[in-house]
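Below: one structure, written as structure tokens.
The values are calculated or read from the model by the stated rules, or taken from the named source; none is laboratory data. Every value quoted in this text rests on a predicted model; they were computed, and no experiment measured them. Glycine gets a Cβ as well: all are built from the backbone with ideal geometry, and neighbour counts include every protein chain shown.
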Amino acid sequence: MAEPALVEPFRNAATIAEIRSCMNNLFDIFAEVKRQVKGENNRLAESELPRLWILSFTASESIIRWF
């Protein structure tokens, strides 16, 4: 089954600032989806919101701990 997703690929290791930017993009998409659904007077299940996938060649221990 297909699910909505936001995919953010990185050629090099993603920094915390870049990951934060990806998260901001996801929250912008959440807000837009919620506005669309509200205008249609429908409800949106949490499972219908897109998931964020950050693809990075590597990640440092500090970034992994940050999450």
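Taking residues in the range 9-26 that are without any contact (Cβ under 8 Å) to a residue 12 or more places away in the chain and among the basic types (Lys, Arg), and partners anywhere that are surrounded by 12 or more Cβ atoms within 10 Å (Cβ to Cβ) and part of a helix (DSSP H, G or I), not one pair has Cβ atoms closer than 8 Å while being at least 6 places apart or on different chains. When the residues of the range 48-67 are filtered to those that are assigned to a loop (DSSP other than H, G, I, E, B) and surrounded by 11 or more Cβ atoms within 10 Å (Cβ to Cβ), the one that is modelled with the highest pLDDT is Pro50.
Limited to the range 1-45, what total is found for residues that are polar (S, T, N, Q) and out of contact with any strand residue (DSSP E or B) (no Cβ under 9 Å at 6 or more places or on another chain)? Selection size over the range 1-45: 5. With respect to the stated conditions, Ala14 is touching a Ser or Thr at 6+ places or on another chain (Cβ under 7 Å) and either aliphatic (A, V, I, L, M) or over 26 Å from Ala2 (Cα atoms) (or both). Within the range 6-43, the set of residues being of a type in the set (A, V, I, L, M) and surrounded by 12 or more Cβ atoms within 10 Å (Cβ to Cβ) comprises Leu6, Ala13, Ala14, Ile16, Ile19, Met23, Leu26, Ile29, Val33, Val37. When the residues of the range 1-47 are filtered to those that are acidic (Asp, Glu) and at pLDDT 90 or above, the one that is farthest from Arg65 (Cα to Cα) is Glu32.
Taking the listed residues Val33, Val7, Val37, the one that is part of a helix (DSSP H, G or I) and within 16 Å of the chain's Cα centre (by Cα) is Val33, with no other qualifying. Being over 16 Å from the mean Cα position of the chain (by Cα) and of a type in the set (A, V, I, L, M, F, W, C) is a property that Ala59 has.
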